[in-house]
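Engineer: Have a look at this one.
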Amino acid sequence: MPSFDIVSEVNQVEVRNAVDQSNKEVTNRFDFKGSDARVEPNEKEKTLTLYADDDFKLSQVMDILTARLAKRAIDVRCLELEKIEAIGGDKVKQVVKVREGLDQVLAKKLIKLIKDSKIKVQASIQGELVRVTGAKKDLLQDAIALIRKSITDFPLQYKNFRD
C-alpha cells in the first residue's frame, strides 16, 4: 500500500555553518566594530542565542543570520523567537529555538485536516512524524497538495514515499 511520512527536519550541520558565517560577517562589518555582537549555538537544546549592544544591532544580527540560513536552504519558519532580554548595561540577548519534529498539536491538526478533506487516505501519528497511507499514489499526491496549501506557518517535508 502506498504511503509517505510528513516530517519536520532541520539540517543541524547547515545551521552550524550558517552561524559560523554570520559570526564571521558580524566581526568584519564596520558598524559592528567594537561591539559584542555574536551568535552562539547550543546544539543540545537546539537553540541559538543572539547577543548585541542594543535592540537595533540585535535585529541586524538576526537579519544576517536569517540571510545565511536562507542561503543554506534552511527554512526560517523553523525559528521560534523568544523575548529580548537585557543582560546588564546596554547589552541585550535573544534566544531563538530551532523547531524540529512535529509536536502533538500540529500532528493532530494534520490528521483532522486530512480526515475533513474526504480524501480516501488514512493518517496516523508515529512519534514525531505523521504517516499517510492510501490505495493510490494519486490520492497521496492530493493529500500532499492539500497540506502544502493549508499549513504555511511551519516547514514540512514529505519523505519515505513508497509504492
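Engineer: In the range 112-163, what residues are in contact with a Phe, Trp or Tyr (Cβ under 7 Å, 6 or more places away or on another chain) and among the hydroxyl-bearing types (S, T, Y)?
Structural biologist: Y158
Engineer: Also: Select, from L106, L140, L113, the only residue that is farther than 17 Å from D75 by Cβ and out of contact with any strand residue (DSSP E or B) (no Cβ under 6 Å at 6 or more places or on another chain).
Structural biologist: Result of the check over L106, L140, L113: L113.
Residues are listed down the side, and each one gets a yes or a no for (1) surrounded by fewer than 15 Cβ atoms within 10 Å (Cβ to Cβ); (2) closer than 30 Å to D142 by Cα; (3) in contact with a Phe, Trp or Tyr (Cβ under 9 Å, 6 or more places away or on another chain); (4) not charged (D, E, K, R):
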position: Y51; (1), (2), (3), (4): no, no, no, yes
position: D55; (1), (2), (3), (4): yes, no, no, no
position: L65; (1), (2), (3), (4): no, no, no, yes
position: R77; (1), (2), (3), (4): yes, yes, yes, no
position: E80; (1), (2), (3), (4): yes, yes, no, no
position: K83; (1), (2), (3), (4): yes, no, no, no
position: Q94; (1), (2), (3), (4): no, no, yes, yes
position: D103; (1), (2), (3), (4): yes, yes, no, no
position: L110; (1), (2), (3), (4): no, yes, no, yes
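Engineer: Determine if the range 118-137 includes at least one residue that is over 19 Å from the mean Cα position of the chain (by Cα), surrounded by fewer than 14 Cβ atoms within 10 Å (Cβ to Cβ), on the phi < 0 side of the Ramachandran plot and assigned to a strand (DSSP E or B).
Structural biologist: yes
Engineer: Same structure, new question: Name the single residue, out of those in the range 1-39 being part of a strand (DSSP E or B) and in contact with a Leu (Cβ under 7 Å, 6 or more places away or on another chain), that is surrounded by the fewest Cβ atoms within 10 Å (Cβ to Cβ).
Structural biologist: My answer is D5.
Values quoted throughout were computed directly from the atomic coordinates according to the rules given, and no laboratory measurement underlies them. Values in this document were obtained by computation on a predicted structure and should not be read as measured data. Note that we place each Cβ from the backbone using ideal geometry, even for glycine, and neighbour counts take in every protein chain shown.
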